[in-house]
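The values are calculated or read from the model by the stated rules, or taken from the named source; none is laboratory data. Computed from a predicted structure; not experimentally measured. Here the Cβ is made from the backbone with ideal geometry for all residues, glycine too, and neighbour counts use every protein chain on show.
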């Protein structure tokens, strides 16, 4: 049998042109005769043996099959096997002899065709090359020892797997495959021989960058690979805004002085917030030592803190902050920054979301100051002016993203005034009002021109330029859709679309530039009303929030109380593009360079350990849901700065923090989550004699608290008599060794674990946080909550020389292009817009 296999192998070698030794013919013949004798004794033919792939009907096999089977010999098979092994010359490989000795219980030899072919190739390789030291040692051993060693060294070649080299090993340790060496563990499940391609592993290892290289710490304490996404997003955002933002829109909406009426102190009293004094509070700033000194604010318009080293500021607006937005301005304008803020009149006001209501409220416009990303503000925040509104609470406000700001020094013919921006506000009467706001300097000049005494701040009643309503001009909707809690302005040019979501689950789309007489009509009170050009039913319950895609005018995402988040194509609203059901979400945001949404979560319906901010991809990149930021309390507000690719959150526990987002070209689930605290707010109980006020009243409250220590105050008055607010600020100028800082340790330890006191009045809760959208002040953060205290913080550590260079170039470009230019007079456009309306009675 073995001789047949060797003879066939030699024939194959001659056909392939391989040389063979002639002096081994006699030895092969002797082995052939012995193998034939053993075959006759066993009574089996060797036709079943042979190298794989060789035709079995060979002359040798035919001759073997034609022979008659001899009777079984009385000599045991083990004795014959020893005789065959002893007759085999020791200088040749005895793997074939050992193969014949492997018999089954019935005396039939085992099938080892693959081993025979491998042994033949091994012998042929040794004959062609010079003998190695290992081969000389092997040939000097006896045949029996060689046979036993061959069994140990040569494993079964069926389904052998090579060990994949570790990525940490060196390239010099790799060895080529040779047939005679020991292999790793073998697999019996595979039916065919397989050898993994190691070239792929080597290529992957070569493509992997060495550890520790290409990383260095920057002056802000962060590595360059962490700041690289920030640099890239800054330049890409500037390019995107240049291409997709309109320089000038809505020229007919210019503020007219005759539409602004100033209120006296007695007239403005009913619009002012009821609370005249803030809760007691104190500060603890990192690396700044000082005594804990309690402070309060006595007036709604008084600045309380503007620290010289940390650039942070704090002011009191008089009530719980529910809406807050920065006023956008052109890139490189380097002007004063403004913010529109709305707060409830009373600290304990309650409102029903399923009923419409009206009432006097105040919309405040604050001048935050000359904010720069790398310099301390030169002016302190103050209230510029306020709008007296009689349409009820303001649940949401939005500025037109671009194209409406002009220089304060723009000269216009009276009664026109330079325009600061266009603002949309969603009222509790189910309607949306659009206002054209002037610069505070122009309004103050108009007030002085009327000969009235100077009043600071100015409180005015103004006429709306447009009112957005549901329904049509042929049928009065009568507020059937309910309250409007969600609203967003289109972010790409021509900025003419506004989307709003209502309590009954309807979404309305308005074209603010429409001239259609069917959509744009004049109301009996002299104002202009606009009806939506398209409505669709998005959710079964109230729509909490919605957001336009930052890079498209066709994509919209809505989130409702039915725990569904849906992405829509506004051209085909019969079916959503994507629907995700997770939990209640107070706010959603669509990043500019990501193909998905960031969702904040409430505590209810959230999986334990998975509560916080999540990212859901639209399906374009196929990224799995990404857990961006874990939080313990409800995340009420979420904002993102496209300039620095960073988002900030504000939660019910009083924490304000921001997190750096990774690049979208890699799977974010494999990237470390980097988040840093802006400040933390704690409610600390007063010690005896610490609270300012009447001592007799304090003693009485102490006795009441001692009688029932577990009872928590449920009103604002009771909470401020028992607790004061303690703000812990992080040094945002440097993030070096942030893991070892006490504030960061507290953040990581308590962001998931801890106790949430749901029966306590949320005096420290934060309801709104916003990143500044302007290029000149991209790292400034504005936040406010239940206490009515609004804080301004600067993450100045996120600035670098590359970004400052682009900022200086933008400022130079703005000065060269817009300093000497003025927008065209739009009186003709206003008359054309008025003529295109229809009187409705």
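Looking only at the range 389-405, residues that are crowded, with 21+ Cβ neighbours inside 10 Å and within 16 Å of residue 255 (Cβ to Cβ) come to 4 in all. Can you name every residue in the range 774-808 that is assigned to a helix (DSSP H, G or I) and touching a residue at least 60 places away in the same chain (Cβ under 8 Å)? Hits for the range 774-808 are 775, 776, 777, 796, 797, 798, 802, 803, 804, 806, 807.
For the range 442-467, filtering for residues that are crowded, with 18+ Cβ neighbours inside 10 Å, in contact with a helix residue (DSSP H, G or I) (Cβ under 7 Å, 6 or more places away or on another chain) and outside any strand (DSSP E or B) leaves 1. Annotation: residue 190 fulfils all but one of (1) at pLDDT 90 or above; (2) part of a loop (DSSP other than H, G, I, E, B); the unmet one is (1).
Restricting attention to the range 423-441, the residues that are farther than 16 Å from residue 389 by Cβ and surrounded by 24 or more Cβ atoms within 10 Å (Cβ to Cβ) add up to 2. Name the residue that is surrounded by the most Cβ atoms within 10 Å (Cβ to Cβ), counting only residues in the range 372-388 that are free of Cβ contacts under 8 Å to residues at least 60 places away in the same chain and either part of a strand (DSSP E or B) or touching a strand residue (DSSP E or B) at 6+ places or on another chain (Cβ under 9 Å) (or both). Filtering first and then ranking leaves 379. For residue 474, work out the one condition from (1) surrounded by 23 or more Cβ atoms within 10 Å (Cβ to Cβ); (2) free of Cβ contacts under 8 Å to residues at least 60 places away in the same chain it doesn't fulfil. It fails just one condition, (1). Being in contact (Cβ under 8 Å) with a residue 24 or more places away in the chain, in contact with a strand residue (DSSP E or B) (Cβ under 7 Å, 6 or more places away or on another chain), surrounded by 20 or more Cβ atoms within 10 Å (Cβ to Cβ) and closer than 16 Å to residue 775 by Cα is true of residue 369. Across the range 416-423, a minimum of one residue is classified as more than 41 Å from the chain's Cα centre (by Cα) and either assigned by TED's automatic domain parsing to the domain that holds residue 392 or over 30 Å from residue 483 (Cα atoms) (or both).
Under 19 Å from residue 729 (Cα atoms) and at pLDDT below 90: which single residue out of 308, 299 fits that description?
Values: 299 fails: under 19 Å from residue 729 (Cα atoms).
Step by step, each of 308, 299 is checked, and only 308 is under 19 Å from residue 729 (Cα atoms) and at pLDDT below 90.
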